[in-house]
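We did not get these values from a lab; they are worked out from the coordinates using the rules stated. As the structure is a computational prediction, the values presented were derived from the model and not from experiment. Note: ideal-geometry Cβ built from the backbone for every residue, glycine included; neighbour counts use all protein chains shown.
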Amino acid sequence: MSYSLKENVMKEDRFAAGHRMCAGCGSPIAIRTVLRALEPEDKAVVCSATSCLEVSTFMYPYTAWKDSFIHNAFANAAATLSGVETAYRAMKKRGKLDDSYKFIAFGGDGGTYDIGFQSLSGAMERGHDMVYVCYDNEAYMNTGIQRSSSTPHFADTTTTPAGTVIPGKLQQKKNLTRIMVAHNVPYAAQTTFIGNFQDITEKAHKAIYTPGPAFLNVMAPCPRGWRYPSEKLMEITKAAVETCVWPLYEVIEGKYHLNYEPKKKLPVEEYLKMQGRFAHMFKPGNEWMIEQVQQEVDRNWEELLKLCSL
Amino acid sequence: MGIRERLSGNEAVAYAMKQINPDVMGAYPITPSTEIPQYFSAYVDNGEVDTEFIAVESEHSAMSTCIGAEAAGCRAISATSSCGLIYMAEMLYVAASDRLPITLAVSCRALSGPININNDHSDAMAVRDAGWIMLFAETNQEAYDNYLQAMRIGEAVGLPIMVCQDGFITSHAIENIELVETDKVKAFVGEYKPQHYLLDPSERIAVGAYATPVYYMESKRLQAQAMLDAKDVIRSVANEFAQMTGREYGLIEKYKMDDAELAILLMGSSAGTAKEAVDQLRGQGKKVGLVKIRSFRPFPTEDIAQALKGVKAFAAMDKDDSFNGHCGPIFAETAAALLAQGVSGPKAISYIYGLGGRDVRVESIQHVFADLEHIAATGDVGETYRYLDVRE
């Protein structure tokens, strides 16, 4: 399919302006872009886990959601939407509904990698015809920047402060996309905001229109938690991709496809140095942290290249 | 005329579900309610119902799928027990606050720890403030009858409803039962017609808002009103049910209470044992009676005050301890009800009994009546917080 950013942004937004999300936050950009991938004639039911997104977009009596929307709790966006999707099948079967609906769940990394992990795993395994979109900002931002299993190695958060004894988060980031691939879902992909948004738009369209369960992991930076100036958002996502910290790939029926290979893979410093959460790694004597992260990124990248060459 | 059968309480409830043929069931196995989704899955797989069954990965997800399905416009059901009920507790509150009339069958079982699979009411009592209507059954017949009435009640007031029975004691014991013909069940229960739902093509709605202090309390006040309204609905649905079956139900059942001077108040299967104890003591000329609670939520304040106002002494018996250092939940609610209704005559004690499946015998109940007789004769209440049939 031919892609035009101009045509894409001319489509009517299904996520209204005037919500309360921060300037420079990746989350509403991810949501608006994913919803734009819906064909205009299709109806949708959207679900959000409890999150910044939920409390900022659906504060009674206002809602930013133009499609039917349900928020239930923190841990269960996938289970909740699987109930809606099952109701859809039940109503179709009983002749109570003619219209065509799509089902999209959104959760932050806390609601997806951590507390909602079981619910997500269950829904993907059961094979509901739905898309789960994680907007991954790598910590519990809604409660004030606490570490999650998605928080990267050495990041400074309020529960892994870069202290005099312990230098930030001691563990590496969980590789959730590959765990989702292990559920044998027909479509899983990793994306973020790059250039003309073709990558995320096309992946969202595939995720929505592939029958069965699909998983989309969108790196969605948080200016408060990552500590960058709001206007630098797109530079950060670009650096994440160019350093291979956040590779763009998709897995279709178990087959890995690399969507972008940097012409010259940049060193991780280029990504880390833009963000206050990694500032302590640049202090004299802490060079080993950057070296270690570089090794981890290299190993993950090599593994991904191998998977994509199979 | 109904159909005579012999069924366990779990099978009776599963059979009621089959007759109703709801749209969606989300359930997870846990002893002793496991048989309900098991029987129901067989109905699904053999084409006896066309319900969509979701075999979820936890009770939290079971209730989450029910919330999603009911909000989408469907009749959604589940079944659980014990730790499973507690695991879905977070979602029970949301179901009530979203005003979704989900129906949940509970085969009541003790909570861990120590881990124990047998009956008491600590699971249901732990979620008594979640905003659900809660009916309790004495027998398999009552579990079945309550289930047939449940959706009418819940859907009329827009609240979810629990149909509780005693794990193993009625859930697994096989009793004679009279079933209602399926066509009559379908006509009685009727179709679910929600006012607003997610999959209504004519409108788009949003469910589960963030409510700031400006709105939160109004939403709770509306929930409270629905629970108040449920009292009359439970009575009117029971009247209609009695016309169909001849079996009568209220918020409470009074057994030989007309001239009773000593009374026991309890709920669930022990009512059968208590009735036998009452009969034996009545045979000895003692003026004893029983009040059985059918509806714990809404709590039948007026009915209980009316039933107990003339007694000299009563024992409120709880298959659960609140661990508040003075009484179980039925005692606490009854004492509050009497005070609110201006009834101050009766002496009263709280008895904790039957925890973790501790057998409740006719002699156990007679022991309680002997205590009450002593209290009535001497005017000395003594210790008001007592444990029955326990080694100390």
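Things worth noting here:
- Taking every residue in B:203-216 and counting other chain Cβ atoms within 10 Å of its Cβ, the average works out to 6.
- The protein assembly as shown: C-alpha gyration tensor shape, a/c 1.5 cut-off, then a/b vs b/c: prolate
- The distance separating the Cα centre of the stretch B:330-380 from that of the stretch B:64-130 comes to 28 Å.
- Ranked for footprinting exposure by Cβ neighbours inside 10 Å, fewest first, B:ILE161, B:ILE177 give B:ILE177, B:ILE161.
- Local charge for B:GLY84 was computed over the other residues whose Cβ lies under 10 Å away, with Lys and Arg +1 and Asp and Glu -1, and equals -1.
- Based on Cα contacts under 8 Å between residues 6+ apart, the stretch B:123-273 shows a relative contact order of 31 percent.
- Listed residues A:ALA207, A:ALA75, A:ALA17, most fluctuating in chain A (Gaussian network, C-alpha, under 10 Å): A:ALA17
- Mean separation of Cα contacts under 8 Å (6+ apart) over length of chain A, as relative contact order %: 16
- Virtual paramagnetic centre 7 Å along Cα→Cβ of A:GLN146, amide N under 20 Å, in the stretch A:68-87: A:72-77
- For the pair the stretch B:210-251 and the stretch A:249-310, the centres of their Cα atoms are 58 angstrom apart.
- With R₀ fixed at 56 Å, the C-beta to C-beta distance from A:TYR62 to B:TYR387 puts the FRET efficiency at about 0.55.
- Other residues lying with their Cβ under 13 Å from the Cβ of B:GLU383 contribute a combined charge of -1, Lys and Arg counting +1, Asp and Glu -1.
- Using alpha-carbon coordinates, inclination of helix A:287-309 to the longest axis of chain A, degrees: 40
- Per DSSP, loop trypsin sites (Lys or Arg not before Pro) in the stretch A:31-71 with at most 16 further Cβ within 10 Å: A:LYS66
- Whether the stretch B:241-369 is rounded, prolate or oblate, judged on the alpha carbon gyration tensor where a/c under 1.5 counts as rounded: rounded
- Each of B:ASP303, A:ASP129, B:ASP279 has some number of other Cβ atoms within 10 Å of its Cβ, and from fewest to most they run B:ASP279, A:ASP129, B:ASP303.
- Under Karplus coefficients 6.51, -1.76 and 1.60, residue-wise ³J(HN,Hα) of the stretch B:48-57 in Hz, glycine/proline x: 7, 9, 10, 5, 8, 9, 10, 8, 6, 9
- With K and R counted +1 and D and E -1, the other residues having a Cβ less than 13 Å from that of B:ILE349 yield a net charge of -2.
- For the residue pairs A:LYS43/A:LYS174; A:LYS11/A:LYS93; B:LYS286/B:LYS309, the alpha carbons lie more than 26 Å apart in A:LYS43/A:LYS174; A:LYS11/A:LYS93.
- Max mean-square fluctuation residue, GNM over chain B, Cα-Cα springs under 10 Å, options B:GLU203, B:GLU181, B:GLU302: B:GLU203
- Taking chain B and dividing mean pair separation by its residue count, relative contact order in percent (alpha carbons under 8 Å, at least six apart): 16
- Within the stretch A:264-294: backbone nitrogen closer than 18 Å to the A:SER230 label point (7 Å, Cα to C-beta): A:276
- Placing pseudo-labels 7 Å out from each Cα toward the beta carbon at A:LYS43 and B:GLU191 gives an inter-label distance of 1.6 nm.
- Beta bridges from DSSP with both residues in the protein assembly as shown: antiparallel share about 25 percent, rounded to the nearest 5.
- Loop-located chymotrypsin sites (Phe, Trp or Tyr not before Pro) in the stretch B:195-275 (DSSP state other than H, G, I, E, B) with a sparse environment of at most 15 neighbouring Cβ atoms within 10 Å: B:TYR215.
- The distance from the alpha carbon centre of the stretch A:1-75 to that of the stretch B:145-202 is 37 Å, rounded to a whole number.
- Sites A:LYS92 and B:ARG4, calculated FRET efficiency, Cβ-Cβ separation with R0 45 Å, nearest 0.05: 0.70
- Alpha-carbon Rg with Dmax, taken over chain A, Å: 19.0, 69
- Cα-projected label distance for B:LEU228 with A:ILE179, points at 7 Å along beta-carbon direction, nm: 4.8
- The angle between the Cα long axis of helix B:216-245 and the main principal axis of chain B comes to about 80°, on a 0 to 90 degree scale.
- Taking amide hydrogens as placed 1.01 Å from N in the peptide plane, the amide H of A:ASP136 sits under 5 Å from those of A:VAL218, A:MET219, A:ALA220, each at least 5 positions away in sequence or on another chain.
- The overall shape of the stretch A:227-310 is oblate: from the C-alpha gyration tensor, with semi-axes ordered a ≥ b ≥ c, the ratio a/c is 1.5 or greater and a/b is no larger than b/c.
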